[in-house]
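**Student:** Structure in structure tokens, see below.
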Amino acid sequence: MADDKQTDLQIEEGGGSKKKLIIIIAVVVLLVGGGAGYFLFAGGDDPAPATLEQEQGSASEQGAAAPSAQLGSALYVGMPRPFVFNVPGAARDRIVQIKVQLLVRGEGNEEAAKKHIPLIEGTLLSVFAGTNADELSTAAGKESLRDEALTQVQQALEGVEGSKVVERVLFTGFVMQ
């Protein structure tokens, strides 16, 4: 009877180690597959930030760089909520929703824009209030509104920061009903 117990124990241990081995292999395969998937989907082809800085530095040394490259990298500051307002139209009043982001250059300008978001929002609201549905129904009207928004925001920020801060006003969402 003692021999039977030892044989049973040995068989159970042997089967358990095979199961452990299979589980370990499965975990390793999952980890390798997950790592490969992350690398592929996370953009493994993107250049490193140091490489971009080196390229900008070498381009500005050659004198062929655009002025924006000398000011710093492009950063986007999103307005915390979309602008929703009524505009008068020839047939009827319309409701407009515009999502806005600001293009700034460099971290200093990004921080300045974030610090003055209430001023920027107020300025944009006053610009948007001066438009009508007929203007906003054309591409030229939207471009004109964007240009006017940029001019007014730059003037407002120049008054408090001493520089224009914002390079472009971008409409990332535009709905008119």
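Each value in this text was obtained by applying a stated rule to the coordinates, not by laboratory testing. Here the structure is a predicted model, which is why all the values come from computation and not from measurement. Every residue, glycine among them, receives a Cβ derived from its backbone with ideal geometry; neighbour counts consider all protein chains shown.
**Student:** Which of (1) more than 26 Å from the chain's Cα centre (by Cα); (2) under 21 Å from Arg105 (Cβ atoms) does Ala129 not meet, given it meets every other one?
**Tutor:** Against the list (1) more than 26 Å from the chain's Cα centre (by Cα); (2) under 21 Å from Arg105 (Cβ atoms), Ala129 comes up short only on (2).
**Student:** Return the only residue of Ala90, Ala129 being in contact (Cβ under 8 Å) with a residue 40 or more places away in the chain and more than 21 Å from Thr151 (Cβ to Cβ).
**Tutor:** Ala90
**Student:** Of the residues that sit in the range 120-172 and are β-branched (Val, Ile, Thr) and not in a helix (DSSP H, G or I), which one is surrounded by the most Cβ atoms within 10 Å (Cβ to Cβ)?
**Tutor:** Ranking the qualifying residues of the range 120-172, first place goes to Val165.
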